[in-house]
Every structure is written in structure tokens, then in C-alpha cells.
Amino acid sequence: MHNWIQTAYDVAISSNSTELGQVFRVESEDNVLVPWPNSEPLNSRARRFVRVRCYGKYSLFDGRDNVSDHESVTEWSASSLLEIALLRNGDWKGSMITVSEPWPLSPDHSARPLCFHKRFHVSLKDGTIDRGRLYATSHGVYSVRINGRKVGDHCLAPGFQSYHKRLHYQIYDIKDLLVTPGWNKIEIDVAAGWFASATSWARKRFIYGQKLGVLTQLEVWAAGSTLPILVTTDPSWSVSNTPLVSSEILDGEIFDQSLSVDSKLDDAKFSVRESPVAVSRLISPEAPPVRVVERLEAKDMFRSRSGSAVIVDFGQNIAGRICVRRLQKPAGSKIIFRHAEVIQDGEIMCRPLRTAKARDVIICDGRELLDWHPHHTFHGFRYVEIVGWDPDDQICPLTKASIVAEVMHTDMLRTGWFSCSNDEVNRLHENSLHSIKSNFLSVPTECPSRDERFGWTGDLNIIAPTANFLYDTAGMLGNWLQDLYLDQMEGTEYWRQGVVPLFIPNSLLRNGDGGHGWDPMPNGVWGDAAVMVPWGLYRMSGDVSFLSRQYDSMVQYLENGVTRGQDGLWDPEQWQFGDWLDPRAPQNDSGRGTTDGTFVADCFLIASTQIVAEVAAKLAKPEDSSRFKDTALRLVHVWRDKYLTAASLVVPDTATALSLALSFDLLPECGDNSIKAQAAARLFRLVRLNDFKLTTGFVGSAFLSRALTQSGGVELAYAMLFQKKCPSYLYPITMGATTTWERWDSMLPDGTVNPGSMTSFNHHALGSIANWMHADVGGLEAIEPGWKVFKVKPQPNKELSWADTAFESRYGRIEIRWTLEKDLFRMRLRVPPNSTAVISLPSDSRESEVGKREVQIVGSGEYDFECRFVQAQWPPKALLPPWGRAEF
């Protein structure tokens, strides 16, 4: 069956799962992001069960060029439950509570975790609970227990956010945790989290407030009841200490087992008071929660070189925590777990962590401890150093099986896959995947390990196309973008409204907040995230709401967030990050690369202006669209006057500059000797002159391989892919990397850590090469927003005998598998229903088993193609002196 196109669909909506309910017929080809068909208003807590079936038409081929058309109807889908959150301010009956006294501090002056708890009675007439819900949030991070059992599988709720502007609450199903009839107990542990922890090298705490607090509303509904049993936070609750002596995001937790005895916890009570939070700030869940998504067994265990500790190697750098399966030590014994990404000279290397302690401590009381893990923190690590617990212990010896690593990240749906015949290239792709996972933890950070786990806007702007292919990032990044707008619009006497902060949430301020960080600073690439990230989400999903919600943010950035010179481009007096961490930049001056930062910022400014013109047109704002389109055209002419010499050469003369100029289509094209062709030829030459090693930083590396490929230099892109000398894509693989590094040489060839102050081993930006693998090696790229129409254009190379690429679009799964045997290229393609593929094979001869005819555009179905493939010169030659590349 091929070319299935939807003609109509039915939506059945019911208030219970056993009935079909009301059926709505819609004549439409649309099957993604369709409007809710019922005009009935849905109020808070409303529940509807939804099922769908589709009508369509398709074609059948008989193998002899005969085609017959048919119609079909699907079976009814299984029911999906839609439940409405709390929509009105009046739905909240309780208030946030805190302690009346000053919040207690730990010995290190951090906020000590506390437990808020209350006993309540549940008694229903027939003893049957129809529904139990808990709505909860906090200032700080929290976890909940009901009758001693953990509620939900969320970690670090409610997550990192602009607490002073919005506060997300979570919704839990607690029906099976309640005793009825009988007494129940709810306990809520709250710790500093991002609300009050020291979250940077400045070590400033309590950024969002001096006191933590919790807000909950527990509802128990009997069958047929219109009023629930309510338990809300109010001054009748009690507060006590927890076994956690301290807990912070960067530093880890200290757990005192002796304090886990209830009588000891009750010895330290506090009084409770209300701490009202504006209900209008409460936001229902918009993104998946952070969860433990995988558990890793230890791969190796060995003594440190000094003999003072045991080191456990989990074989993979991750963001997460450890879980101790079983531990028993004499009372007063202290076990210290320190986390690190790398080993140097037989010891864990903690210098790259800077001021982050990344340490968890257990103080034992002699009893057996089972399945213990930190609750309110996370670390970036592959290795764990253990002091105070030894393989030679008599009662409970330490073994590889004693602890596991728990991988944590925002639980996004995986949507993209790539693999090929080269194991090192596969490892490179896996490293990019793992770094995206590690750094998509509540917000998109740049690293999960050191004292700088911020939502850097520039880093995300660079990696977003890759991340959007590999995961459904819509919920997480859509939520983050709303914080971006709120923080962007918070102008003060120290910075102007409209400037996009360097990181979101903007929790590292210098002026008016103790002098501990940076104020929002106008900057290209970083600020352009306000435009490019929502545009990328729209392109991937087809959801126009990303554009409508962020439109004001986009316009504010262009009109108020850019420090312009007289020509309308960036003011060259404004310092720019530019092509950050260019490998030729000074070690501790990473913004002083070979490509002028203002040039980089100007390229992105023009691209953002062009995007906003398109967005305005899409949102039916013709005046805005015309204005931004005219501005973009003018800026392109200004750019050409500024950066093209009389001989039509691009200045600066770097791979980054040429890649950006080509990728953003800034160069005139007229005839065979066009400026664009000259620039491509110059880029080819620079790549060959450097022996296919990298000369690009964060920004240039995201565009280089695609610029080469689209300009006819795919062999050069492959040569750079397979280069193993530093700096290169595969050099970290030869050094044992399991995630993307911050620098191309974060570890030097002798196995020592780069002495630079910024040397992370889990930094996703340079993993943007995976985007080229998906789009050019695999050959898969969207044409229309939402992937209804997509391009299939693989670019094979004789070094690869096969490559597989897959993407789970909203229409279904797209799969491409190509093989190359000598000069015979074969490809199998799967196109999902109601979508279209535009195919370009790597040869002018296109054949298909479907009637043995040329195929350029195909509808749904599975297809096999083959053609003759003629490889251009391989391997391409570097431009080296006669004696080769000598080191002088």
C-alpha cells in the first residue's frame, strides 16, 4: 500500500472509558495539531476519554506499472485520557507555608532541608476512592511521601525556573497510596535546590528568597461525588528536620543515618506560618519531569594511586547520582563519595569542577542501609571516589555491585537515530546524544558538573537543531523560552528591557544583587536564541504557537536587545563571545579567536531579522513582515560593503567566517565566477591547508560541514570527519571520550587535563556535527514545518559501507538505510502515512522497484532504490609542503 492520504477523521469524546461518546467527523487531510472539535468548555479537573479513526485513500501497484486506487478506514484507536489541571485562581484553597523562625542553616551556611508533614483521615461512604490527586510545588526542590511511600517518579521538582515570575506545580495520582477508611500521613521534604543553593562560582545563596516553602492541595474524590476531601497546606502542618544535614545542587548532600529515627526528627520542630505566593504565578506542567531514566552497573573498581580511596568507573560520563544498594558500618563512620569526569595519574581529577564540591556523604549509625541515593542534587560524573568504605571491610565489603549510577535528565521522548559502519563515528554520534541528555536537565545547561550549570542561551542556540532531531524537545524548550521572555523583559537601572540574558533563568546578576555575577549583556548568537530556538521548534513540529508565544520576545530582541552601530549592524565596541573556544584562541581568553566576534554577531543578526520577517508573515502581521524584510535586505548590503574586499574576498579569511557567509546566503551569486563560488573555493582551500583539522569553535563547527557539503565539498567534510589528529572530531574518541568535550583538547595527548579554566568533559555545543550526520550522511531533513514533506538526499562515501537514519515524525516513523558496495548504491526508504518524500539519489540515474521508473517524489510506503555512485577523488589531498606537516 502506497501514497496513503487522509481524507477525514472521526474524534470520539466521552466522559468515561467504556463508552464511545460523542463522535465528531472532520473532513481534512490534517492529522497533526488539529483543533479540539467540541465547543463544550472544559473546566478544572475535567476528564475526557478520546479515541480517533481515520479515513483515507491509497494506491496499489501490481508490479507491471498498473496502479489502482482504493479507500480505507482505520479501526478506532485505544482511548487516551485528557485531564484538565487547575485553571482558576479560586481552585487553590491552601497557601504556601514556611517556618516562622529564620530558616535553619547547615554548618556550611546552606539552607538545611526540612520536612513538612500532616496526618489526615479519609472516610468515604462506600470506602471506594474514585480519584486521588495531589497538586504540589515548592520554593526549593521537594519530594513527597504518603504513608511512607514515595509519590511519583519526579526528581528535583518543580525544576529550575524564574521563581520570581512563574512557579510550576506538579500533579500526581495518589489513589493507590491512600488508606480508606483510616488515618494517612503526608510528608514533604524540601531542600534548597536552584531556589536557594549556591549555583555559581560566586557561592551566593538564597537568590530567589530567604525561606523555602511548600504548597500542596490533596484531593480525594468518591465515586459520584461533586465535592472532594481536601487537605491543603496551612499553619496546622508540622515541620521537623530530615536526615539530610545539608543539600545543595553543586555541593551534594550529607546524610546522617542516625537522624532517620522518627523520634530524633521530632525533637527539632518548628512553628509554621503561611508565606503567600500569588496564585496567578502558578503554572501547570508544560514539560516532562526530570526522572531517573537508566541505571548503570560499575564497569571497573580500583584503588587510587595514593591508596587512600577506591575509585569506581561506570564507563560512561553522565548527569545523575549514585545509589548505594547496601551499606552497613559502625556508628559514626563517614563515607565520602566524590564525583569526577576523568582520571589523571591514577586519581580523580576535580580541578575542572572549580568550586563545586560534587560530594555526597553518609554518616552511618550501625544499622543496615538499603538503596540509598541523594534526593535533591545531581552530579556530572563517570568516576566516583569512595573514602571510608573498603573492599576489605568485614561486615559489608565494597564491591562493584555495591553501587549503581542513576542517569537523570528531562524525560523527553527519543525521536531520532543514526548509525553507520564506522564504530568511531558511531561513538562520536553517541557522545553528542549523551551530552544532550546530560545537559537537558530541567533547563538546557552547558555542563552538569562544574560550578556553572546555567541555561546558557548561546550553547543551546548552537545545539538545538541536533537536539530537536534526537528528542521531542518541544515541551522543555517551549517552557524555557517563556522564562527567557520574562527575564528579557525585566529591565532595571542597570540594563535595558529587551536584552536577552546570557543564561535562562537569569540567576547570576551583578548589580543590585550583591555583586556576584553578570548582568544581561547584549551579544550576538546568545541573544539570537530568542529568535532561532522558537523558529527551530516550529520547523520541527509545525506548531505555530511557538511563534505566536515568542513573537514579542523576538521583536524586543531586534528592537531593543541589540547594541547597533550607525550602519544598523552590531556596534563593534560591544564585546562579543563570537566563535567561542576557537582552538586557536588563547587558552584563558576564549573569545579572542581568529574570527572577529562582531562579524559572527552580524551574520546572526541578519539571519534573525530574516526569520522574524517570515514569522510576522506567518502570524498575519504584514506591516511587521515588510518592515523586517526591508531591514534585512538593507543589512545584507551593509554587510557586503563592510566585509567584502574590492576583490570580492570575505574578511575575516577564516573557515568560520566563510561557513557563516555561505550558510546564511549573504554572498551575491551571478555566473560561474560568483562571489559565492569564490568563497566556497577559498573555504575548501583553508580546510586543505590545515590538513583537515578543525579551526572552528562553538559557532563555526555547527556550520562548517554543512557549508562544505552544500557547496560541493562533501569529500572535504568527510575528510574532516575521519581526521584523528587534534583538533578534530575523532580525537576525543581516540582519548576515550564518552561525551562531547567543551574544548577539542580538553584532554591533551599525554592524558593530562587541559590547564585552561574552562575544561568540561560534558559540553554539548561541539556535538553539533551530529546534525550533519542526520541531514547529509543519512540524508534526512524537513522541507515543510512539521515534516509533512521532507527531503531524502544521502551523501555516501566509500569509507562507509552503510548508514541508517530514522526519525519519529508526528506522521510516523521515517527510515532510511543505504548501503554502498563498490560503486553500487542501494537505499531502502520508509515514508509514513499522509506525508511525502522528495528524493535525490547520489547519481543522475534513479531507479525503483516500483515499476522500474524514475522517482523524485513519493508518498507513503516502503521503497527500494539503487544507482551507480561515482566517488569524487578520495581521499582528498591536503595542501602541505613537500616535507609534510612538520612541527616547528
Per-residue ³J(HN,Hα) for the range 270-277, Karplus 6.51 cos²θ - 1.76 cosθ + 1.60, θ = phi - 60°, Hz, x for Gly and Pro: 10, 8, 10, 9, 6, 9, x, 10
Fully extended contour minus Cα-Cα distance, from Gln394 to Ala620, at 0.36 nm per residue: 73.9 nm
Overall dimensions of the chain as given by Cα atoms, namely Rg and Dmax in Å: 29.0, 93
Length-normalised contact order of the range 561-656 in % [C-alpha pairs under 8 Å, at least 6 apart]: 22 percent
Cα-only Debye scattering, the range 780-868: base-10 log of I(q)/I(0) at q = 0.15, 0.26 Å⁻¹: -0.51, -1.39
The range 636-770 - Rg and Dmax from Cα coordinates, angstrom: 16.3, 51
Two-site label geometry, Asp589 and Asp804: point separation in nm, points 7 Å out along Cα→Cβ: 5.0 nm
Rg/Rg_ref, the range 2-83, where Rg_ref = 2.2 N^0.38 Å and atoms are Cα: 1.39
GluC sites (Glu not before Pro) lying in DSSP loop within the range 54-149, provided at most 16 other Cβ fall within 10 Å: Glu75
Range of Cα positions in the range 790-835 per principal axis (Å), largest first: 35, 13, 13
Protection proxy ranking, peptides 162-175, 3-16, average beta carbon neighbours within 10 Å, highest first: 162-175, 3-16
Estimated FRET transfer efficiency (Ile84, Glu274; beta-carbon r; R0 30 Å; 0.05): 0.65
Mean shadow area of the range 486-629 over all directions, Cα convex hull, nm²: 9.8 nm²
Distance between modelled label sites at Glu573 and Val261, nm, 7 Å Cα→Cβ extension: 6.9 nm
Under-5 Å amide H pairs with Val272, H placed in peptide plane, nonlocal only: Ser100
Hz values of 3J(HN,Hα) by residue in the range 48-61 - Karplus curve (6.51, -1.76, 1.60), Gly and Pro given as x: 9, 9, 10, 10, 9, 9, 10, 10, x, 10, 8, 10, 10, 9
Selection of trypsin sites (Lys or Arg not before Pro), the range 744-816, meeting DSSP coil and at most 16 other Cβ within 10 Å: Lys798
The range 159-235 - Rg over Rh from alpha carbon coordinates, Kirkwood radius: 1.09
Taking the range 292-355 and dividing mean pair separation by its residue count, relative contact order in percent (alpha carbons under 8 Å, at least six apart): 26 percent
Rel. contact order, % - alpha carbon contacts under 8 angstrom, at least six apart, the chain: 10 percent
Formal net charge of residues neighbouring Lys57 (Cβ-Cβ distance under 9 Å; K, R +1; D, E -1): -2
At least 18 Å along the helix axis (C-alpha) and Kyte average at least 0.0, DSSP helices within the chain: 457-470, 597-618, 675-689, 698-710
Calculated FRET efficiency for the pair Glu368/Arg145, C-beta based, R₀ 25 Å, to 0.05: 0.80
Cα pair distances of the range 416-774 binned at 10 Å [whole percent]: 5, 25, 35, 26, 8, 1
Approximate spin-label separation Arg826-Asn673, in nm, with each point projected 7 Å along Cα-to-Cβ: 4.8 nm
For the range 575-714, the fraction of alpha-carbon pairs in successive 10 Å shells from zero, as %: 12, 39, 33, 14, 2
Modelled label reach - Glu75, point 7 Å along Cα→Cβ, the range 17-35 residues with backbone N closer than 19 Å: 17-21
Placed amide H near Leu441: partners under 5 Å, 5+ positions off or other chain: Thr410
Ranked by how many other beta carbons lie within 10 Å on average, peptides 478-484, 564-570 from highest: 478-484, 564-570
Three-way shape label, the range 447-567, alpha-carbon gyration tensor, a/c 1.5: oblate
Convex hull (Cα only) mean projected area of the range 193-334, reported in nm² to one decimal: 14.9 nm²
FRET E, pair Val26, Asp641, Förster distance 60 Å, beta-carbon r, rounded to 0.05: 0.65
Cut-off 15 Å (backbone N to label point 7 Å along Cα→Cβ of Ser548), residues of the range 26-65: 33-37
Residues whose placed amide H lies under 5 Å from that of Leu502, excluding near-sequence neighbours: Met521
For the chain, calculated [θ]222 nm from helices alone, where every DSSP H run of n ≥ 4 adds -39500 (n - 2.57): -6500 deg cm²/dmol
Over the range 290-410 - Rg/Rh using Cα atoms and the Kirkwood inverse-distance radius: 0.94
Burial ranking of peptide ranges 252-258, 575-581, 588-594 (average Cβ count within 10 Å, highest at the top): 575-581, 252-258, 588-594
Kirkwood Rh in Å, taken over the range 107-222 so that all alpha-carbon pairs contribute: 15.3 Å
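Any read-out appearing in this document is the output of simple, stated calculations on the displayed coordinates, not a laboratory observation. Because the structure is predicted, anything quoted here is derived from the model rather than measured. Please note: Cβ atoms are built from the backbone with ideal geometry, for glycine as well, and neighbour counts cover all protein chains shown.
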